[in-house]
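Here's the structure we're looking at; comments come further down.
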Amino acid sequence: MPDPKIDIEHVARLARLDLSEPEKERMRSQLDAILTYIDKLRQLNTEGVEPTSHAIPMVNVMREDEVRPCLPAGEMLANAPEREREFFRVPKIIEE
Amino acid sequence: MPTIAELGARYRSGETTPTQVVESYLQRIETLDPQVRAYLTLTRESALARAEATEKRLKAGKPLGPLDGVPLAIKDVICTKGVRTTCSSKILENFVPPYDATVMVRLNAAGAVMLGKTNMDEFAMGSSTENSAFFPTRNPWDLARVPGGSSGGSAAAVAAGLAAGALGSDTGGSIRQPAAFCGTVGVKPTYGRVSRYGLVAFASSLDQIGPFAADVRGAALLLQAIAGHDPLDSTSTDIPVPDYPAALGQGIQGLRVGIPSEYVIEGMDPEVGKAVSAAIEALKGLGAKTEKVSLPTTNYALAAYYLIAPAEASSNLARYDGVKYGYRAAGGKDLIQMYGRTRAEGFGPEVKRRIMLGTYALSAGYYEAYYGKAQRVRTLVRRDFQQAFERVDVLACPTAPNVAFKLGEKEDPLQMYLCDVFTIPVNLAGLPGLSLPCGFTQSGLPIGLQLIGKPFDESTLLSAAYAYEQATPWHARAPALP
Amino acid sequence: MSTDYETVIGLEVHAQLLTRSKMFCGCPTAFGGSPNSQTCPVCQGMPGVLPVINRRAIEFAIRTALALHCTINAGCRFARKHYYYPDMPKNYQISQYEEPLAVEGWLEVAVDGAPRRIGIERLHMEEDVGKLIHEGTLETARASLVDFNRSGVPLMEIVSKPDVRSAEEATAYLRALRAILLYLGVCDGNMEEGSFRCDANISLRPRGSKEYGVKVEIKNMNSFKNVQHALEFEARRQAKALAAGERIVQETRLWEADKGYTLSMRSKEYAHDYRYFPEPDLVPLKVEQRWVDQLRTTLPELPVVRQQRFVSQYGLPAYDAELLTQSRALADYYEAAVREYPKPKIVSNWVLSELLRELPGDDEAAITRCPIPPKNLARLLALIDDGTISGKIAKDVFEKMYRSGEDAETIVRREGLVQVADAGALAAVVEQVLAANAPAVEDWKKGKKQSLGFLVGQVMKTTQGKANPAIVNQLLLEQLPKPS
Ligand SMILES: [Mg+2]
Ligand SMILES: [Zn+2]
């Protein structure tokens, strides 16, 4: 398992969280403690063990290709923080 | 307070009417909830309208279903059309879903009456309901203590008689642990038994909706109403739903009860240990056969959970970005700033912690060591249970290693996580689990017994719990609220 | 300079599937709705919603994989791909990652008549994103507007191996792939509307080298012509840079069609970290052999096979066969006409020249709405054969048929276009023409053979093209003096 010193800046950027400096500090020590606890997993040999992503195994759940009614645009936009006509409006996009 | 089954009987006999009952619950909420603070949103008018509708059916001589006119509290993580659904988060403070969760469609069809939406740990992350962005909920047995979490509002509402039953959600113990802390019955169904459609996702592969009630029969009636296949949830199974209430009262003669040796841990409250041992003796007295079993991976389940759940959460919570719904931070001059500030201001500390942890566990270079490893450990946890269930029908153990603690007592996140050490393995394996009262501490705080069953075998859990409940006095006790 | 380097191209195609409803919800996929009118909580990623897989989308992908000779994985699974962008409602895309639907196929393309196999790396399913509208240009916009109507439309991503060696080959590959999708009826192939999109990875390496150079991703090419020009430009740009001793930077560049160059997106974004993990809201797909076999029986004859059959069965030149089989509908039309009028080369000539001239070039479906059904074309050709009209008149009749939708007989009858084959009636005209064109007759006598053609033309002109040319020829030869 990798060294549990987490790169807070990088992870916060990936998660789109603008953390304050004190928040980052607290986060760093708390996550390090949690990751140190999690480190105990290293003791467990999982070689040849398949990963489980669904506890109850199922396959092939599909629906037929049938059109169902949409919701009116007005309802779908009702929660929008900002809208313009029938669009959601977002601040200008600057590629990072 | 009457149980769910009693309410139905009184409606049918004409002893009382749904409107009277709903009004009296609303009155009780007005008096008591300022202290308990179980509810975030009350839906008075629609509750009275629904009660009236039941009354009309009753007057028209139509047969009443078991939940007709029954007042319920709904955890605020379940989407309710036209009623704000916040997940106790600032980021969804004003979110009004344009659709109903499948469980709400079913409850509404059954004539149940929603009184309001209950408080919780933000996005169901926590074990004390202190992580609500709005206010903490109090334990009705001791207002200085937490009700457990994350479904603390639902558990407290039922315990304080502010609802006849409630729905919660359980990702790592969020129904069973607060049920234990509040002295109610709480059921976490098998993964796939109840539709998750409309349940705001925390960790998709672990989340399940389940009921709270004052007694086992009430929990069985609620589970009956919400269980079953839903084509809108690809992970819901179409295995037939048995008649749960019918399973009650069949006795537990010959029931094989496994006692996992790993479920006694250091630092456990000795009063919890004693009460649970006594409960196991009581089960024996009722004809059950007990047997020690071993679940050797238990010790690693918590660590695996704290990779899997945050990883899935970091993904599920990516959608809260200030674009389509919910909170948007002011003053972001471009999109990147808007995203970063909205999420930093909109989420509370525990949610941010888990988003960070989960993002890290999935990030390039760490996936196999963290997420991959945890999913393999999950396989081992499942195997443990499978092997145990070759020999026994149910497992019995404490629901939590401790009883309700004081508000603010557990500041350290890791200490808080340890509250769920007995409930988390059940979620990892997708199994059904039930918590019911099995005694009280000297200071009068409830203690919970957890029963764990085979996949889709909720009936056995309910019938064992019912037998125990009928043989013991605990469920009759109620908190003394002023 | 360019001879020192070999161009290496890999192509990534996103094809929108022609399902009725979206990939994971029941919203319609139809184009052109007003903004946000074709959405629901699921395709807008609202809190609490869950996806459910559209069976037809999977079947379309399996059929395509079969047509591309892929290995269809017995098990496949969806995964979440994370990145933040406002057109993506959940900020993750449900796609496939480690367990795609199909891998390892190939597609045959012919450049300059020499067929080559281009390998297919993988074929997987995913959902489309919404549409962003920038106020002004992306650089100057103060805000952008989001429409989620396209969000959740099923896409099939087809990734080629880096087997393509030139811009020409790239467009040949794309044309062949598009033709297959059209044949299968799984995609409408419209590049401008974005239902068939292509990105390319291009790098250069010294000829003979086994290692790949640094690759550049090119986006924003929405026509075959754009693909060709963008890749030609980029190969030249890279060759020039390498020749000047510069390093190629791994980056994404946009093709600026109006300006004719590629432009770096100057993305400062640290390397993408998509944080893929298996989609917990969907269960895996187990693709059973029975299902695949059953879908295999639904495959139509594919373009290459049909082309070969057109050559062998109808004796057509390879060129005709290739053009006729580009579109399934066109090939169907051709075969229907040949069934009624079994002279394949003549039908081919009429379809490829007269008919294609009339049909709008960019609309695949136009042929199915063609005002001249195959049967009517066949009847027209039969009228030439039985001498009712001349070939020249037939071309006019064809045009009139196309405009009016009437059949040939109706037009010929109404307009009195029946060919005059009565030698008695024509003899008078011939006499008249000879009298009026004495100089030409003189020329003929002097041995100028071309005079005959001129005189035939004059007779045709006088009869408004209705004279039977063979009879006119014969009459002229009878009446003209012997050349001296
Ligand atoms: Mg893609
Ligand atoms: Zn939709």
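Summary table
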{"read-out": "Strands (runs of 3 or more DSSP E) wholly inside the stretch C:60-159 containing at least 2 residues that are within 28 Å of the chain's Cα centre (by Cα)", "value": "C:102-111, C:114-127, C:131-134"}
{"read-out": "Residues that are at the interface with chain B (Cβ under 7 Å from one of its Cβ atoms) and of a type in the set (Lys, Arg), drawn from the stretch A:51-76", "value": "A:ARG63"}
{"read-out": "Where B:TYR263 falls short, out of the listed (1) in contact with a Phe, Trp or Tyr (Cβ under 7 Å, 6 or more places away or on another chain); (2) crowded, with 23+ Cβ neighbours inside 10 Å", "value": "(2)"}
{"read-out": "Any pair with Cβ under 9 angstrom, 6 or more apart, that starts in the stretch C:144-162 at a residue that is more than 14 Å from every other protein chain (Cβ to nearest Cβ) and within 13 Å of C:THR19 (Cβ to Cβ) and ends at one that is assigned to a loop (DSSP other than H, G, I, E, B) and among the charged types (D, E, K, R)", "value": "C:LEU155/C:ASP128"}
{"read-out": "Qualifying positions in the stretch C:397-420 - among the aliphatic types (A, V, I, L, M) and in contact with a strand residue (DSSP E or B) (Cβ under 8 Å, 6 or more places away or on another chain)", "value": "C:VAL420"}
{"read-out": "Qualifying residue in the stretch B:113-121 (condition: in a strand (DSSP E or B) and either surrounded by fewer than 17 Cβ atoms within 10 Å (Cβ to Cβ) or polar (S, T, N, Q) (or both))", "value": "yes"}
{"read-out": "Within the stretch C:343-366, tally of residues that are closer than 22 Å to C:GLN308 by Cα and either in the same structural domain as C:GLY185 (by TED's automatic domain parsing) or in contact with a helix residue (DSSP H, G or I) (Cβ under 9 Å, 6 or more places away or on another chain) (or both)", "value": "12"}
{"read-out": "In the stretch B:370-395, the residues that are among the aromatic types (Phe, Trp, Tyr) and either in contact with a His (Cβ under 8 Å, 6 or more places away or on another chain) or over 25 Å from A:LEU35 (Cα atoms) (or both)", "value": "B:PHE385, B:PHE389"}
{"read-out": "Test: residue in the stretch B:348-367 that is surrounded by fewer than 19 Cβ atoms within 10 Å (Cβ to Cβ), modelled with pLDDT under 95 and more than 10 Å from chain A (Cβ to nearest Cβ)", "value": "yes"}
{"read-out": "Candidate set from the stretch C:82-105 (those that are out of contact with any Asp or Glu (no Cβ under 7 Å at 6 or more places or on another chain) and within 16 Å of ligand 2 (Cβ to nearest atom)); member that is nearest to the other protein chains (Cβ to nearest Cβ)", "value": "C:LYS90"}
{"read-out": "Matching entry among C:ILE58, C:ILE94 (being hydrophobic (A, V, I, L, M, F, W, C), within 16 Å of ligand 1 (Cβ to nearest atom) and in contact (Cβ under 8 Å) with a residue 60 or more places away in the chain)", "value": "C:ILE94"}
{"read-out": "Residue count, the stretch C:251-278 (criterion: within 7 Å of another protein chain (Cβ to nearest Cβ) and at pLDDT 85 or above)", "value": "4"}
{"read-out": "Residue within the stretch B:94-109 that is of a type outside the set (A, V, I, L, M), surrounded by fewer than 20 Cβ atoms within 10 Å (Cβ to Cβ) and out of contact with any Gly (no Cβ under 9 Å at 6 or more places or on another chain) present", "value": "yes"}
{"read-out": "Of residues in the stretch C:78-130 being basic (Lys, Arg) and touching a helix residue (DSSP H, G or I) at 6+ places or on another chain (Cβ under 6 Å), the one nearest to C:GLU168 (Cα to Cα)", "value": "C:ARG80"}
{"read-out": "Subset of the stretch A:69-96 (residues that are surrounded by 17 or more Cβ atoms within 10 Å (Cβ to Cβ), among the small types (Gly, Ala, Ser) and in a loop (DSSP other than H, G, I, E, B))", "value": "A:ALA80"}
{"read-out": "Flag for A:GLU64 being of a type in the set (D, E, K, R), surrounded by fewer than 20 Cβ atoms within 10 Å (Cβ to Cβ) and more than 29 Å from B:ARG382 (Cβ to Cβ)", "value": "yes"}
{"read-out": "Odd one out for C:GLY75, checked against (1) closer than 24 Å to C:CYS198 by Cα; (2) in contact (Cβ under 8 Å) with a residue 60 or more places away in the chain; (3) surrounded by fewer than 20 Cβ atoms within 10 Å (Cβ to Cβ)", "value": "(1)"}
{"read-out": "Criterion: modelled with pLDDT of 95 or more, β-branched (Val, Ile, Thr) and farther than 30 Å from A:GLU84 by Cβ - qualifying residue of C:VAL111, C:VAL49, C:VAL103", "value": "C:VAL103"}
{"read-out": "Filter result for C:PRO206 (in contact (Cβ under 8 Å) with a residue 12 or more places away in the chain, touching a helix residue (DSSP H, G or I) at 6+ places or on another chain (Cβ under 9 Å) and within 16 Å of ligand 2 (Cβ to nearest atom))", "value": "no"}
{"read-out": "Inter-residue pairs, beta-carbon under 8 Å, first more than 7 Å from chain C (Cβ to nearest Cβ) and in the stretch B:193-207, second aromatic (Phe, Trp, Tyr), 6+ apart", "value": "B:ARG193/B:PHE456; B:PHE202/B:PHE123; B:LEU206/B:TYR191; B:LEU206/B:TYR305"}
{"read-out": "Residue within the stretch C:106-124 that is among the hydrophobic types (A, V, I, L, M, F, W, C), within 14 Å of chain A (Cβ to nearest Cβ) and either more than 16 Å from ligand 2 (Cβ to nearest atom) or buried (at least 20 other Cβ atoms within 10 Å of the Cβ) (or both) present", "value": "no"}
{"read-out": "Selection from the stretch A:15-50 of residues that are surrounded by fewer than 17 Cβ atoms within 10 Å (Cβ to Cβ), of a type in the set (Asp, Glu) and facing another protein chain (nearest Cβ under 7 Å)", "value": "A:GLU50"}
{"read-out": "Verdict on B:ARG378 being surrounded by fewer than 23 Cβ atoms within 10 Å (Cβ to Cβ) and either modelled with pLDDT of 95 or more or more than 10 Å from chain A (Cβ to nearest Cβ) (or both)", "value": "no"}
{"read-out": "Residues satisfying the stated conditions in the stretch C:3-55, i.e. away from ligand 2 (no atom under 12 Å from the Cβ), without any contact (Cβ under 8 Å) to a residue 60 or more places away in the chain and within 7 Å of chain A (Cβ to nearest Cβ)", "value": "C:ARG20, C:SER34, C:ARG55"}
{"read-out": "Subset tally (residues that are within 28 Å of C:ALA30 (Cα to Cα), assigned to a loop (DSSP other than H, G, I, E, B) and of a type outside the set (D, E, K, R)) for the stretch A:49-68", "value": "3"}
{"read-out": "Residue in the stretch B:318-335 that is in contact with a Leu (Cβ under 6 Å, 6 or more places away or on another chain), farther than 25 Å from C:LEU50 by Cβ and crowded, with 21+ Cβ neighbours inside 10 Å present", "value": "no"}
{"read-out": "Qualifying positions in the stretch B:306-332 - more than 20 Å from C:GLY48 (Cα to Cα) and facing chain A (nearest Cβ under 7 Å)", "value": "B:TYR306, B:LEU307, B:GLY332"}
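The values are calculated or read from the model by the stated rules, or taken from the named source; none is laboratory data. Remember, predicted model here, so these are calculated numbers, not experimental data. All Cβ positions, glycine included, derive from the backbone under ideal geometry; neighbour counts span all protein chains shown.
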